[in-house]
Every structure is written in structure tokens, then in C-alpha cells.
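Novice: The structure that follows is given in the form of C-alpha cells.
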Amino acid sequence: MLSTTPRLALSRQLKNFRRFATATTTPAEQPVKDKSDTRKNVLEYRQIYPEFLPDPKIEFRNPIREKLERSDMIARRANVDIPEFYVGSVLAVTSADRHSPGKLHRFVGICIKREGCGLRANFLLRNVIDHQGVEILYDMYDPTIKGIEVLRLEKRLDNELLYLRDALPEYSTFDSNMEIEILPEGAPVPVNEIKVKLKPRPWLDRWERKNLKGVQDLELPQRFYDRAKELETPWEKYDLMKQYMRTVPEEEQVEIFSEVQTHLHRSGAAQKLKRKRTFVKPTKLA
Amino acid sequence: MALALTTTFTKSTVKFLEERLLLLTISCGPVRNKSKQNPKPRLRNPTWFTQKHRVSSDDNVTLENKEFLKEVVQDRYFNVDNEISKDLASNVIWRPGLQRTGVMARKIGIYPMWLKTGKKISTTLLQVLDNHVIKYYPPEDYDPQVKRVGRIYNRKGCLLLGAEGADPSTFTREYCGLFKDSGVIPKRHLARFFVSPDAVLPAGTLISALHFQAGNYVDVRGLTIDRGFQGVMKRHGFKGMPASHGVTKTHRRGGNIGGGGEKGRVWPGTKMPGHMGNRYRILRGLKIWRINTKYNVLFVSGQNIPGATNSIVYIYDTKLPARKPAEPLPFPTYIGTGEELSENIFDKEIHEFSEPTIVYSDKN
Amino acid sequence: MMNNINVILARSMVASFPRVATCSKRLTSSLSSEAVRQNHLFDIEQKKQKESVGRIEKIQIEYEGPTDKATLTMNKHISTPFDCAKHLGERIADQSAVALLNNDTLWHMHKPLPDSCKLQFLHYKIPQPTAVNKIFWRSCSFILGAVANAAFKDTVKVQLHSFPSPNVRSGSFVYDVQLDLADWKPTEKELKVLSIEMIKFCQQSHAIEHMNVSTELALDLFRNNTHKYQQIPDIAAHNNGKITLFRAGHHIDISRGPMVTNTNHLGRVTIANVIKLNTDVPGGPIYRFQGVALPKSIMLNHFAFGLLEERARNLNPARIPGSQESFEEDNSFVAQVTA
Amino acid sequence: MFNKSALLRISSLLSQPASKNFHLSSTCNEIRKLARLRVVDNSEIGKRAMAEGKPPRCIHVYNKTEVGLIGDRVLVAIKGEKKKAILVGLKQNQKPKVPKFDSNNIVLIDDSGTPLGTRIHVPIPTILRTILKERTHAKGADYTKLLGIASKFV
Amino acid sequence: MNQAEISKLVSQLRVRVNPRLRKLKSAGGPEARLDKLRKTVTALIKHERIELNYPRADESRMYAERLISDAIRYGDCHRETMEMADFWLIEKQLVHKLFKVLAPRFVNYSTAYTRMYTAPSVYPEVVKRAVLELRGNPYPSLVPDMHNNRNLIHNVLLDEAKKAYRTQKYEEIAAKIDAAEKSVSEEARK
């Protein structure tokens, strides 16, 4: 069941997506002439590098701080390749560790959460090793991180996979010697539409209230769903200003990404090159 | 008017004015016993406390004329080469007893940095504004509000600094008059700093972030965020009382405030609910980890500097004896030597973002 | 005679703000005998003209405001536009600078209306205020004359000469005054004192009164002012043998008019400079008093006004008295209704 | 590849009236007194306790705050006995780069720091190397013996 | 949560955004608050000029601006925007007005789409009142526009002062250049 799902999802998504299909000429090679061109780049970049967008809270905004923060992020990115990855991707992080004998430490896991902006950006990796669930939080711009490898680049249906903690261990078990699965050049990032089976309650959270897409039927008594229905706030999606205050306006995004574009492109191009050179079929290592 | 004129006459012009003003019907003779009629108030504001902002009204000035006003401001305050002479001061080299001026800065946010050991620290970014010296009051002229009794050791002068230049037409005429002598553009913020008479700076001197050095320690003063009337849990961090187990109506209360009998009263200083915030606090002994010379930003340790983001704070050399600098400081302030400075100056413990990844070796 | 003056003072005190009381006390003491005489003559003539109206006839005034219209029944040769404005509302009475009759004639607010007409009121913030600006500038010159006349001590002989036709673009309003001081350059402080005197005078809220008189009376009024005395026949020749007089407080001057309603229409006022002119008018050197002012209803920040003050310090390019052609006051604007 | 029989067993257990041996509440995030812990070594007493569904409870934490952190020594009540143990993995959130586990793991030791078992069958954090080395004094207990029986570090 | 949401793109508003949203004393909680604002926004789109209490005007102004900017940005073929318009406009014929009238009207604007004035409050009332209107409405303007009247006396004076100032400035610059040229030529001669 598990082994077939990713491949199916991949082929399905290949048809639907056309995101990278037209990205034959990258923006840095061709100076941006058109306004629509810049806009399209923004559409790409904000998904790949969300941490470059500042904290949208109005009280905390300051253009100079944001500018300094971005320049520091770029300076760090020049020394380490921080690749494109999403919640649901499988990563291997190698970091300097003064406690290990080799002074290096490698951890493989699925990214279940990604948050924070600027230099505070971090991500949470989860794996099950010897039937023991282990999670490690990494700061993205921590100078002790030697490299981040994306072993499997894919997205999931939810923005946070914290429910994997309550799922059967099979869903978050990954081999530490897993090989890199390479996507064909120009392919969109596949969405893994796997539905996770949760363990019976007790849980760490009331998942039935979270409106999750990536879980199987929770098999709860009706009263749980009734209560979840009671607590829903369906009007919130109509609150235009709340929506506005949680995000950064497009004009500012264009400004930010056109500032960092050339620097980002360097690492992005290298990544694409790597992707092109070795192409292997996705192997089943779940 | 007559009163005002007599007070404003200076010795040199009196004769001339007498001669001429006699022509006018206005009499300018001195008023007898003036000091007794209007004794100086015991508590008074400093001389620079005037109405600052003009009543905001629309001037109905056309766009071209607005441009013209901007052009005049530009010509008057920015296009002139009022270079302060480099022989600012004195050949005095800094020694521990001397007090330098502080600066005004804006708290612009917080972000993490890492040490060479891999440890993460939080730093607050303080952007030093365009501080200019407006006026100096020598120790004998400066008249403190509350007189100190007895002999005063180590008398300090008072340096008035302004920060953040703004369009003069938004201020009142009186307020703009404060800046007339120094020739700087009227500033939004004014502050006084006590300095040793040796550390005096001529009016119009610019003080930059390089007044401080990376690795040294500073004290930062700011106005804390106003949180209004708060209970003891938020204001003093009390624990409150249990939510259940028979507790009624006393979940967030402070509880007992003292015993009875002879001590049957509220003791002074008892922690109780009240107004929280909106008062000046000083955080002392913060290390400067990094200085950005392009934007004049100091990166100072800590994330609890009083005040909200984008509020004004005041930075002084630290008073803590153990953290006073060993090396001489730029005195009375930093004067550029003309050579290009790197954009960022780091403390030696800091791992720069442009440096390669940290690698531990077996030795440490 | 003294009784009369007291009457005048009492009237002016009632008409103006209470704070004037302290000021007018000082002015009474310093009021010259010449001014007393002039005012006496002016009062008598005013009374005479009022009595000569005879039977009161009614006229219909059609008021046209920006949003509303009204028809008022007023008294011929007695009611003034200011009376109409008072009927229409305090705001209109306070803010109107000048009246416009039949859409073509500017009419002084305190000048009796001769006939039925259409009436509009102009203020300083209308879309086309050029004419009002000119009237304002003229009034400023007139008031400047009043201040220059009163500000000096008795030891200094002051004779007002004339003021040129108002030119707002020149940057300053002007009054040429003859002083028997050989070479006077005012200091900053003296200029400040003069400016304050002018502000005080404006704050006393004198209504600017208007009167047409015969040449003989005018000559009698200005018999002690050699310059005006010489100018009168010339002016009368251009004006059907009549001389138009204006009075604010105790100051009387010749001008073709019209003027603004009241001295309190002036807001920011500065007397920027007093410059000695290079002429050979007999009697002593001529000094040009220059100033700049804005109406009260126009707010301007101090920085922009400071630029205007600076510019007003330069010598105004208006015609210098005693040079070239004969004196001609106020020929720029014709505002007469043929009765 | 999915163990269906195991699932069935769990669900069948759930459908029965709550057994005394079965804990239905989730484990504590903070290690205080009476917190349930999980023995992860192969000591006899530990194995038996876990198999019977009677996990040990913390009855004392040997530090000043009374909240156990990684590497802290605790006193546990296990099978009616008092044993000392070391915390080798915590469920609560950790600092960046320090692993967080799904359960609160302990390794039983005796007074001299020697582990009761011979093997630890789950990974333990590498930071324990430094912490336990610091805690070990020349004349006191030697906790570093624990590191020798670990199967894997993360 | 200090990361910006990236799921939806919005255009920048041209009005000041308050750091905190007002609660507007709604007894029914946040839902009732939106109901209140909904009525105001509908009225504004319908009548194009309304008078109301200041806090509510200020709050609903932001919502109206958002609605119009989304309508311009995504057009009427975008499902989410259509849902929004359907929610915010109680009278459904206004949905057509939003997309067919207002969006074309404002598409080239570089300013805010609405304008707000403080209105005078009648004496015994102390509540701050405001007038909220859409720009480009058919009514006569509320306050005379004096901004570009060059004939006002202070503008006349400033115009002249500007001319005088610039003449002097350019003369000084020319004199400087002349002096510099002269010195250069003299040096060359030597």
C-alpha cells in the first residue's frame, strides 16, 4: 500500500503541475525586463524560500533590520547549500557535533514542521530508529550545520505533519542510509497524497478538530465530531483583514525577492544541475 | 514686551539701542525688583522644553511651492559644508574617570547570532540615529532641578543632543529656535547627557555608532511598554491560586498582604496590582557584539531591552565597574580618519555569517 | 473737544475686545493733537452725511451665497454690505473681506449701498482671489501707515507721504514716510517692536470706515501734512472732485479703496525692513516701511513665512516718490458705482 | 508490510473494559515525582516491569529544580523496589540539535553508576557523552559505563 | 507563529492599517463583528458616501479597500474572490457593481479607493463621527479643494519668492563656475 502511493501520486501530479515547465531560462541569466516576469519569480520564490519574508506583525516591522537580516542570510547561504525542501520532504542533516567521536553528526528524517522567519527559521525532522521515535529541531542558519541533503523532495497534503507522532511508526520510519531520489529535470515537486493511519487515542492533540487532509478516518464516536463542529470558526476565512495581516503584500515580496534574487540563483542553479546529472527512479524506502 | 526686551539686551548693543529706541514710544527701562515680583519657580522644566509640534493644519500650499520649501531645507541644512574642525578636542586621552556622552538610538528588532563555539545568542539591534550636538551647558551654568547639598565632586557639564532631523515646518518656531546656533536641522528627539568637562563637543558635531567599540559594554535606557493597570500575576509574576479544589473567586489574586497586630498596615513596597510599564528602566552591562557602519547599527546582547520595537532608547558607556573598558575609548567621540572601514565590525568571539561552517577538532 | 474724543474712545472700546482697554489707554495719552483734530472733523462730517439722507427709502438686496440665496430689504444710503452680512450670519460678517455688487463692482463693506443690487461676499479662500489679495495688500499698507505714524516719539517728526498701488507679487507692502532722522537704520529689535505694534493694532479690531468728502474738507484735514496737502487736488481731479477717506482707530488716510472690513483680518504680520530712499523730496529724508502679512484665515507654517519675511527685506521696486511723473495713487483698480 | 495483527490486538484490548495494567493517559512531558518512565535497557527487573505493563515511576529527581532533564539521576519505584536510574531521552521539547524522543527513557544503574543491564536497545543522544563525563568524579560514581552499553547514538 | 502566510497573494493597501483590529463591542463575538462590518461595507458600495461613527468607519474602510483590491486583482472569474464578494455584499446586485463598475473605475488608481473625513458631531453627542466615501463618486465634493490654487495670497508670495531664490542661486553657481574657470586659465597661462 505504502510503496505504491508515492509513485501514483507522482504521475498524477506530473499532469497537473506546470510550475517548472516554462522555467527554461532563469531570471538571473536574463535581466528582468517585464513586470509580469518579476511577479512570476515571486510566485516561485515565496514557496521555496518562505523564510525571506519578514514577520508580518506590523509592530515588529523595520526595513533596516529586515535588510540586515537578509544580507546575513545570504552570507550564510554562500557557505552552505540550503536546498529547496518542503514539509514532507525527507532530509539528511550533517552538523558539527562536539559530543560525537567524529565531531560530525548526521540525522535523516522527514520534515514535519517548518517555521520562523529570517535567521530564526527552523525545521523539525522526525524518524523512528530502533522502534523509538526521535525528533530533532534544526536552525536553518546555524553555522554548525555542514550540509542539508534532500533525499526525497515531495510535499504532503498538510502544512504540518505533527500528527505523525500519533501515527503508526511505519509512516515515519526512514533508513539512515537512504539514497537520494532524483527528480527529472523540470519536473514539478510531487505531492504525496498518502493518508496516514493514526494510533487509537490518547493523542497529543485533538486531531479531529484540525481539519487534516493527510489522515485516514479517525474512527471516533460521533460526539467528537459534533464538538469539533461546534468549535469551528467558519467566518474566519471571510475576515479579509486578518488574512491581510498574516501575510506580506505582493509589492513587498517583489521588492524583497528582486533584492536577493541573484544571490539565491547561484545556489538554486547548482541544485538544478545536480538534479539533471543523475537521474534515478524513485526507490521504495519507506 | 518692554520686559522681554530689557532682558534680551546684551551689553554691547545697549547704548545703540537706547539711542534709537528712544525714538519709539516704547519704553525699555529696567523694572525694579523684578526678581521679587516673579521669583524663579522651584521646580521648572529645562530650557529646551517648549511646545514641539505645530497645530497640524493644511497649509494649502501648491505642489511646486512644497518642492521649493524642500529645496530650501536641502540647501540650508544639507548642501552646506559645515565641516566641524578636526581638532575637536583636546589631546586628552580617555582614562577611567572621564565620562563621555551617550547617544540616542532606535530599537529596530532582535535576531540571533552564533558564537565561534556554536552557541546561539540573541542580539538586539539598536540603530544609532543622526545624533548632533545642539548645545553645551558648562557645570557652572547648568542648573539642576534639585540642588545638591554640600561639595560636589567631579562636576559634570550637560550636553544637549538632538536626533532624527525632520521637516522644520512640522515644528513650532520656538522649537526650531533651539537649533539655530548649532546650524543643524531641527530634530525630533532631544536628550541631555552629562559629560566630563574634558569630553565636551562643539555644537553641530555628529556622533555615529563608532562612538562605541565592539566588545565593550553599554547601559541602555528606554521607556517600557505601557501595559496599563495589571494584576499581580502579570505585574509581579505571582503564582495565583489553584483553578479548582474549592477555590472561589481567588484564582489570580495576590492573597495575603501582611499580618495584624502591631504591624497591622500595608507595608511600603508591598507588591500589589497597579499600573505596569511606561516608565524608564535601565538595562546595564550589555555587550556590543557587532557594529554595522553602513546603517549605524549596534548589535547588543539581550532581548529584554526596555521599549517596543521602533522606540527610542538611550545608550551610555556602562557604569558597572567590572565591565569598564581596559583599552582607551575614542575620546571625546570617534573622528573618522578618512580610511575606509569594513561594513561590519565583529567582536572576536562572534562567528561571522560569511565565515565557513564551524568544525570542531578533537583538541577542544 | 476733549469730551468728543472721550466719546470716540468709548465707542471704539465698546466695539472691540475687552483687551483693547489697556492698549487704548496708552494710545489716548499719546494721541497727538493733530489726530484729535482730524478725528473731530471726520466725526462731524460723518454725522452730517448721515443726516443728509433725509427720507429713508427701502432697497432690495439679493444675496447670492455659494449654497444659499436670500433677499434683504435694506435702507438706501444707510445700510452697508456689512449690515447685510450681519443679518446673514456671524461667520459671513467675520470672514468677508469685501462685497461684490452685481458681479462686477467691488464694494467696501462699510460703504452705504446706493441702490438695489445683487450682493456677494468675497473672502480670501475663493478660487480666484486676486482682487481680494490686492485689497488686502492695500489695507496692510494703510495700517502700516497708522503704525508708522504712532510708533515714534514726539521728538521725531513723522509725515506720511504715500503708498504705491498694491502689488502682491513684489513680496511686500509699502508705506513711504518722511522722518526727520538723518540716517536711520533700524535694528532687529526695533523692527520687532514695530511688528508687535502693528500686531497689537490689528488685534484691536478696528472697523475700517469709509467716507467721501469734498476737496476743501480734505485739505483742511491734511493741512499739517505737506505731502498729502499737495496730493489732494491732483487726486480730486481724477475723482469728480471727491476725496475718499478711510479711518481705522484714530488714523485717517486717503485712498481710493476699497479696503478689508476690519483690521483683525490680518493674521501673521511682520514689518520686515525700513529703508532710506534716495530722493530729494523737500522736508527731509523719505523712509520706505516694508512688511509682509497674511490673512487670518490662511494658515502658513513658520518656515515658509520666514522665507517670505526674508524676501520682504529687499527694497520694494515700487515707484519712488519725488521721481518722474506726478503722483497717482491707486490707479490700478477702479471701483466706483456711478450713482 | 504493515502489521495488521498487532493493530487488531491493540483494538481488541481497547474494546475490553479498561484493564488495570493498561495506561490510557499519555505520558508526562515533564519528569517530576510520579512520572511514568520507560526502561530501555535489558536488565531483568526492567524487562519484567515493562512487560507486565507496570512501568517504573519517578519518586525523586536528584537536582535542585525537581524537574528531570537529560542526563539527570532519578530514583524510581520499580516492581516494589527502589532503583536509581539515568534519564537518557526525554519527551519534552529540547534545544535545537538535541533530540527529543517519543517516550521518557531511563537506564537503571546501581549506586556506583554501573548499569544493571548489558545493552540499551534504543538510541541515546550524543550530548549524554559530555553530560555524563561532567557528572563523573574521580572518587564517586562512574556514569560513563552507561555509554559503553549503548547500541546507537543520535 | 511569526512566519508570513504564503498561500495567498494580496495587494498592498493604500490606507493605514491599524496594528490591532477593533472589537466593535459585538455581543455575538467575532461573527457578529463581521456582520456589523458587512452591513457598513455593503452600504458604502451601494451609496458611495455614508456618515457613521469613526471607529466603525475606520475599521470597515480597510475591509472595503481589501474587497476592491481583490476584485481588481483577481477579477470575477476567481472563485475565492467571488465567494468573498458574495459574503461581504448583502445585496447581491452589488456584486455586479463591484466587478463591473468599481473595479474598472479603480484599476488605474495610485491612491486609496476610499476617502474618509472626520465629521462634526452635534453638541450633546460626544461620539466622533466620520464620513466615508468611495473616490470618484458622483456627489459634489465635501470640502473645497484648495490644494492647487495658485492664486491664494500665500501661494502667490511663495511663487515669487521661489523665482527670486532660484535666480540668486543660479547666479551664485554661475559666478562660482566663472571664478573656477578663471583660476584654471590663469594657471594654464603661468
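Novice: Which of (1) at the interface with another protein chain (Cβ under 8 Å from one of its Cβ atoms); (2) modelled with pLDDT under 95; (3) closer than 27 Å to A:Leu161 by Cα is the odd one out, the single condition A:Ile82 does not satisfy?
Specialist: Condition (1) is where A:Ile82 drops out.
Novice: Could you list all residues from segment A:154-172 that are in contact with a Gly (Cβ under 9 Å, 6 or more places away or on another chain) and assigned to a loop (DSSP other than H, G, I, E, B)?
Specialist: Filtering segment A:154-172 for residues in contact with a Gly (Cβ under 9 Å, 6 or more places away or on another chain) gives A:154-158, A:161, A:163-165, A:169, A:172.
A:Glu154, A:Arg156, A:Leu157, A:Asp158, A:Leu161, listed by residue number.
Novice: Six or more apart or on different chains, Cβ under 7 Å: which pairs go from a residue in segment D:116-141 that's free of Cβ contacts under 8 Å to residues at least 40 places away in the same chain to one that's assigned to a helix (DSSP H, G or I)? Could you list them?
Specialist: D:Arg129/D:Leu147
Novice: Taking the criterion of being within 14 Å of chain B (Cβ to nearest Cβ) and not basic (Lys, Arg), would at least one residue in segment C:201-213 satisfy it?
Specialist: There is at least one residue in segment C:201-213 that is within 14 Å of chain B (Cβ to nearest Cβ) and not basic (Lys, Arg).
Novice: Got a number for residues in segment D:105-119 being β-branched (Val, Ile, Thr) and either touching a helix residue (DSSP H, G or I) at 6+ places or on another chain (Cβ under 6 Å) or over 19 Å from D:Leu69 (Cα atoms) (or both)? Even if it seems obvious, please write down each step before you answer.
Specialist: Quick first cut of segment D:105-119, residues β-branched (Val, Ile, Thr) only: D:106-107, D:109, D:114, D:118.
With either touching a helix residue (DSSP H, G or I) at 6+ places or on another chain (Cβ under 6 Å) or over 19 Å from D:Leu69 (Cα atoms) (or both) added as a condition, the list becomes D:107, D:114, D:118.
So the count comes out to 3.
Novice: What's the total number of residues in segment C:85-111 that are surrounded by fewer than 19 Cβ atoms within 10 Å (Cβ to Cβ) and either under 17 Å from the mean Cα position of the chain (by Cα) or charged (D, E, K, R) (or both)? First the steps, then the outcome.
Specialist: Our first condition is that a residue be surrounded by fewer than 19 Cβ atoms within 10 Å (Cβ to Cβ); within segment C:85-111, this holds for C:86-92, C:94, C:102-105.
From what is left, the residues that are either under 17 Å from the mean Cα position of the chain (by Cα) or charged (D, E, K, R) (or both) are C:86, C:90-91, C:94, C:104.
The number of residues fulfilling the criteria is 5.
Novice: Any residue in segment E:63-85 that is over 17 Å from E:Leu13 (Cα atoms) sitting within a Cβ distance under 6 Å of a residue that is assigned to a helix (DSSP H, G or I)? List the pairs, counting only those 6 or more apart or interchain.
Specialist: Close Cβ pairs satisfying both conditions: E:Asp76/E:Phe99; E:Ala85/E:Val95; E:Ala85/E:Leu98.
Novice: Only one of (1) among the acidic types (Asp, Glu); (2) at pLDDT 90 or above; (3) in contact with a Gly (Cβ under 9 Å, 6 or more places away or on another chain) fails for B:Asp141. Which number is that?
Specialist: (2)
Novice: Check B:Lys86 against each of (1) exposed (fewer than 15 other Cβ atoms within 10 Å of the Cβ); (2) at pLDDT 70 or above; (3) not in a helix (DSSP H, G or I) and name the one condition it does not meet.
Specialist: Of (1) exposed (fewer than 15 other Cβ atoms within 10 Å of the Cβ); (2) at pLDDT 70 or above; (3) not in a helix (DSSP H, G or I), only one is false for B:Lys86: (2).
Novice: Please count how many residues of segment B:325-347 are assigned to a loop (DSSP other than H, G, I, E, B) and either facing another protein chain (nearest Cβ under 10 Å) or modelled with pLDDT of 95 or more (or both). Outline the logic, then answer.
Specialist: Taking segment B:325-347 and keeping what is assigned to a loop (DSSP other than H, G, I, E, B), we get B:325-343, B:347.
Still in the list and also either facing another protein chain (nearest Cβ under 10 Å) or modelled with pLDDT of 95 or more (or both): B:343, B:347.
Total satisfying the criteria: 2.
Novice: Out of E:Tyr139, E:Tyr109, E:Tyr170, E:Tyr123, report the one residue that is part of a helix (DSSP H, G or I) and either in contact (Cβ under 8 Å) with a residue 40 or more places away in the chain or hydroxyl-bearing (Ser, Thr, Tyr) (or both). Outline the logic, then answer.
Specialist: Working: E:Tyr139 fails: part of a helix (DSSP H, G or I); E:Tyr109 fails: part of a helix (DSSP H, G or I); E:Tyr123 fails: part of a helix (DSSP H, G or I).
Exactly one residue qualifies, and that residue is E:Tyr170.
Novice: Looking at C:Asn273, C:Asn278, which one is at pLDDT 90 or above and farther than 22 Å from C:Asp154 by Cβ?
Specialist: Numbers: C:Asn278 fails: at pLDDT 90 or above.
Going through C:Asn273, C:Asn278 in turn, just one is at pLDDT 90 or above and farther than 22 Å from C:Asp154 by Cβ: C:Asn273.
Novice: When you go through C:Gly291, C:Gly284 one by one, which is the residue that is under 18 Å from C:Ala148 (Cα atoms) and touching a Ser or Thr at 6+ places or on another chain (Cβ under 8 Å)?
Specialist: Values: C:Gly284 fails: touching a Ser or Thr at 6+ places or on another chain (Cβ under 8 Å).
Exactly one residue qualifies, and that residue is C:Gly291.
Novice: If a residue counts only when it is of a type in the set (S, T, N, Q), which helices (runs of 4 or more DSSP H) contained entirely in segment D:40-154 have at least 1 such residues? Working first, answer last.
Specialist: Details: elements: D:44-51, D:127-135, D:145-148.
Helices (runs of 4 or more DSSP H) meeting the threshold: D:127-135.
Novice: Additional query: Determine whether segment B:288-300 contains at least one residue that is part of a loop (DSSP other than H, G, I, E, B) and more than 14 Å from chain A (Cβ to nearest Cβ). Don't jump to the end; show me each part of the working.
Specialist: Narrowing segment B:288-300 to residues part of a loop (DSSP other than H, G, I, E, B): B:293-296.
When the remaining residues are screened for being more than 14 Å from chain A (Cβ to nearest Cβ), the result is none.
Checked against the condition, which is being part of a loop (DSSP other than H, G, I, E, B) and more than 14 Å from chain A (Cβ to nearest Cβ), segment B:288-300 yields no hits at all.
Novice: Sticking with this one: So for segment C:113-123 (the condition being among the hydroxyl-bearing types (Ser, Thr, Tyr), surrounded by fewer than 14 Cβ atoms within 10 Å (Cβ to Cβ) and either away from chain E (no Cβ under 14 Å) or in a loop (DSSP other than H, G, I, E, B) (or both)), does at least one residue qualify?
Specialist: Within segment C:113-123, the subset among the hydroxyl-bearing types (Ser, Thr, Tyr) is C:116.
Within this subset, residues satisfying the condition of being surrounded by fewer than 14 Cβ atoms within 10 Å (Cβ to Cβ) are none.
No, segment C:113-123 contains no residue that is among the hydroxyl-bearing types (Ser, Thr, Tyr), surrounded by fewer than 14 Cβ atoms within 10 Å (Cβ to Cβ) and either away from chain E (no Cβ under 14 Å) or in a loop (DSSP other than H, G, I, E, B) (or both).
Novice: In segment E:68-77, how many are at pLDDT 95 or above and touching an Asp or Glu at 6+ places or on another chain (Cβ under 8 Å)?
Specialist: Residues in segment E:68-77 being at pLDDT 95 or above and touching an Asp or Glu at 6+ places or on another chain (Cβ under 8 Å): 0 in total.
Novice: How about segment B:49-79: which of its residues are in a loop (DSSP other than H, G, I, E, B), more than 7 Å from every other protein chain (Cβ to nearest Cβ) and in contact with a helix residue (DSSP H, G or I) (Cβ under 7 Å, 6 or more places away or on another chain)?
Specialist: Residues satisfying the conditions are B:Thr50, B:Gln51, B:Lys52.
Novice: Let me ask you something else. Condition first: hydroxyl-bearing (Ser, Thr, Tyr) and surrounded by fewer than 20 Cβ atoms within 10 Å (Cβ to Cβ). Now tell me which residues in segment B:169-181 satisfy that. Walk me through it before giving the result.
Specialist: So the first thing to find is which residues in segment B:169-181 are hydroxyl-bearing (Ser, Thr, Tyr), and the list is B:169-170, B:172, B:175.
B:Thr170, B:Thr172 - these are the residues of segment B:169-181 that are hydroxyl-bearing (Ser, Thr, Tyr) and surrounded by fewer than 20 Cβ atoms within 10 Å (Cβ to Cβ).
Novice: Further question: If you check A:Arg76, A:Arg65, which single one turns out to be more than 12 Å from chain D (Cβ to nearest Cβ), closer than 28 Å to B:Lys116 by Cβ and in contact with a Gly (Cβ under 9 Å, 6 or more places away or on another chain)? Spell out how you get there, then give the answer.
Specialist: Numbers: A:Arg76 fails: in contact with a Gly (Cβ under 9 Å, 6 or more places away or on another chain).
Residue meeting the stated conditions: A:Arg65.
Novice: Taking the criterion of being at the interface with chain A (Cβ under 9 Å from one of its Cβ atoms), of a type in the set (S, T, N, Q) and surrounded by 15 or more Cβ atoms within 10 Å (Cβ to Cβ), would at least one residue in segment E:23-30 satisfy it? Break it down into steps so the answer makes sense when it comes.
Specialist: Of segment E:23-30, the ones at the interface with chain A (Cβ under 9 Å from one of its Cβ atoms) are E:30.
Right, trim to of a type in the set (S, T, N, Q) and you get none.
No, segment E:23-30 has no match at all.
Novice: While we're on this one: Within the bounds of segment E:84-103, is there any residue that is outside any helix (DSSP H, G or I) and under 21 Å from E:Leu142 (Cβ atoms)? Let's see the steps before the verdict.
Specialist: Step one: list which residues in segment E:84-103 are outside any helix (DSSP H, G or I), which gives E:89-92.
Filter again for under 21 Å from E:Leu142 (Cβ atoms), leaving none.
No; the residues of segment E:84-103 include none that is outside any helix (DSSP H, G or I) and under 21 Å from E:Leu142 (Cβ atoms).
Novice: Can you pull out the residues in segment D:32-66 that are polar (S, T, N, Q) and farther than 21 Å from D:Arg135 by Cβ? Give the derivation first.
Specialist: Quick first cut of segment D:32-66, residues polar (S, T, N, Q) only: D:42-43, D:63, D:65.
Residue satisfying the conditions is D:Asn42 alone.
Novice: Now for a different question. Taking into account only those residues within segment C:138-154 that are in a helix (DSSP H, G or I) and of a type outside the set (Gly, Ala, Ser), which is nearest to the chain's Cα centre (by Cα)?
Specialist: C:Phe142
Per-residue answers, yes or no, for (1) within 7 Å of another protein chain (Cβ to nearest Cβ); (2) without any contact (Cβ under 8 Å) to a residue 60 or more places away in the chain; (3) crowded, with 22+ Cβ neighbours inside 10 Å; (4) in contact with a Pro (Cβ under 9 Å, 6 or more places away or on another chain):
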{"site": "A:Val108", "(1), (2), (3), (4)": "no, no, no, no"}
{"site": "A:Gly116", "(1), (2), (3), (4)": "yes, no, no, no"}
{"site": "A:Asn127", "(1), (2), (3), (4)": "no, yes, yes, no"}
{"site": "A:Asp130", "(1), (2), (3), (4)": "yes, yes, no, yes"}
{"site": "A:Val134", "(1), (2), (3), (4)": "yes, yes, yes, yes"}
{"site": "A:Lys146", "(1), (2), (3), (4)": "yes, no, no, no"}
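Novice: Restrict the check to segment C:37-52 and report whether at least one residue is in contact with a Lys or Arg (Cβ under 7 Å, 6 or more places away or on another chain) and surrounded by fewer than 18 Cβ atoms within 10 Å (Cβ to Cβ).
Specialist: Pass one, segment C:37-52, residues in contact with a Lys or Arg (Cβ under 7 Å, 6 or more places away or on another chain): C:42.
Cutting the leftovers down to surrounded by fewer than 18 Cβ atoms within 10 Å (Cβ to Cβ) gives us none.
Checked against the condition, which is being in contact with a Lys or Arg (Cβ under 7 Å, 6 or more places away or on another chain) and surrounded by fewer than 18 Cβ atoms within 10 Å (Cβ to Cβ), segment C:37-52 yields no hits at all.
Novice: Filter segment D:38-95 down to the residues that are out of contact with any Pro (no Cβ under 7 Å at 6 or more places or on another chain) and of a type in the set (Asp, Glu), then identify the one that is surrounded by the most Cβ atoms within 10 Å (Cβ to Cβ). Don't jump to the end; show me each part of the working.
Specialist: Step one: filter segment D:38-95 for residues out of contact with any Pro (no Cβ under 7 Å at 6 or more places or on another chain), giving D:40, D:42-48, D:50-69, D:71-75, D:79-88, D:90-95.
Retained after the next criterion (residues that are of a type in the set (Asp, Glu)): D:44, D:52, D:66, D:72, D:81.
Numbers: D:Glu44: 11, D:Glu52: 10, D:Glu66: 13, D:Asp72: 19, D:Glu81: 10.
Of everything passing the filter in segment D:38-95, D:Asp72 is surrounded by the most Cβ atoms within 10 Å (Cβ to Cβ).
The values are calculated or read from the model by the stated rules, or taken from the named source; none is laboratory data. Note that this is a predicted model, so its numbers are computed, not measured. As a convention, Cβ positions derive from the backbone with ideal geometry for all residues, glycine included, and neighbour counts pool all protein chains shown.
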